[in-house]
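The values are calculated or read from the model by the stated rules, or taken from the named source; none is laboratory data. Everything quoted here is computed from the prediction, not taken from an experiment. So basically every Cβ, Gly included, is an ideal-geometry build from the backbone, and we count neighbours across all protein chains shown.
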Amino acid sequence: MKIDTFKAKLTPFNRDVTFRVMVPNGYEEGGRLYPVLYMNDGQDVFRDEDSVSGHSIRYAQYYADYAKFLPPVIIVGIDCPSTNKERSRQYTPYTKHFEVPSWSSYESEVAGTGREYLEWLVHEFKPWIDENYRTRKQGAYTGLGGFSSGAIVSTYGVMMYPEAFSRLLVISGSFYIWMDCLDKTLEEANLDHIKYIYMDVSTKEQGRITTPKQFLEGAKMMYHRFLTCGFDETNLKYQVVKGLSHTQGGWRLRFPDAVRWIFQDIEAASTPGRF
């Protein structure tokens, strides 16, 4: 396992973004091609020292300890913007006005730039990764994931870019406040290309505007939307976890199993040295 760190030009926003690429054990031996998982909030995925808050998923350590139980996947973590306001815009492909409660620090107007971000990711960033790493380029072997607001842009991306993604990983998705917009996207999208979806929520999630009750309700609504679209227990994993808060420490306990779920077919589909 090795983690490379780079900077790229996020051209729609004329700024640089840091990203990290973790390759699995055995990558430097032979010519095998690997599936890829693109993760938003990439600063929180691998190591505490990468995270602004000092707390991460610690996936690098987990992989070091339990690699033999994990699918051989390249994971690309893309850092989020530096402020909550810009993060909300980048991770939202919609524009919407909110009546913000007095206790909330959320913006009353979010003019989302998530579509521009996804256009960059699919048409500029992913081709660079595919050119510089031994990837299985097809959308059938590529996943997209995120936490909280990162779940919104990830869900939209997997639904609307079938040529790029077929696997969705969302933890603690902030679906509730965006369900009206997501419903419109569901009406437009054809989801036949999606192979696996993992989604979860915990009972103590609290966001900048979303209450614990709303977190639970939003996840439940999104889950039932997917059921209505024809997904079932063979390709959709949904769980409610008791007692965990909306933090990297809570997400840390669920992330490895989420990776296993959305790439559950990879070991059977990939033979070392063949691809």
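Laid out as a table, the results:
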item	result
Wholly enclosed helices (runs of 4 or more DSSP H) of the range 88-174 bearing at least 2 residues among the hydrophobic types (A, V, I, L, M, F, W, C) and within 11 Å of the chain's Cα centre (by Cα)	150-160
The range 90-138 - residue that is of a type in the set (A, V, I, L, M, F, W, C) and more than 24 Å from Val73 (Cβ to Cβ) and, of those, surrounded by the fewest Cβ atoms within 10 Å (Cβ to Cβ)	Trp103
Close pairs (8 angstrom Cβ cut-off, 6 or more residues apart or separate chains): in contact (Cβ under 8 Å) with a residue 40 or more places away in the chain in the range 15-30, in a loop (DSSP other than H, G, I, E, B) and hydroxyl-bearing (Ser, Thr, Tyr) anywhere	Val21/Tyr133; Val23/Tyr133
Qualifying positions in the range 3-27 - assigned to a helix (DSSP H, G or I) and of a type in the set (Phe, Trp, Tyr)	Phe13
Evaluation of Glu86 against (1) surrounded by fewer than 13 Cβ atoms within 10 Å (Cβ to Cβ); (2) without any contact (Cβ under 8 Å) to a residue 12 or more places away in the chain (one fails), failing number	(1)
Close pairs (6 angstrom Cβ cut-off, 6 or more residues apart or separate chains): under 19 Å from Tyr156 (Cα atoms) and among the polar types (S, T, N, Q) in the range 92-105, exposed (fewer than 14 other Cβ atoms within 10 Å of the Cβ) and modelled with pLDDT of 90 or more anywhere	Thr95/Ala111
Qualifying positions in the range 1-22 - more than 22 Å from His123 (Cα to Cα) and not basic (Lys, Arg)	Met1, Ile3
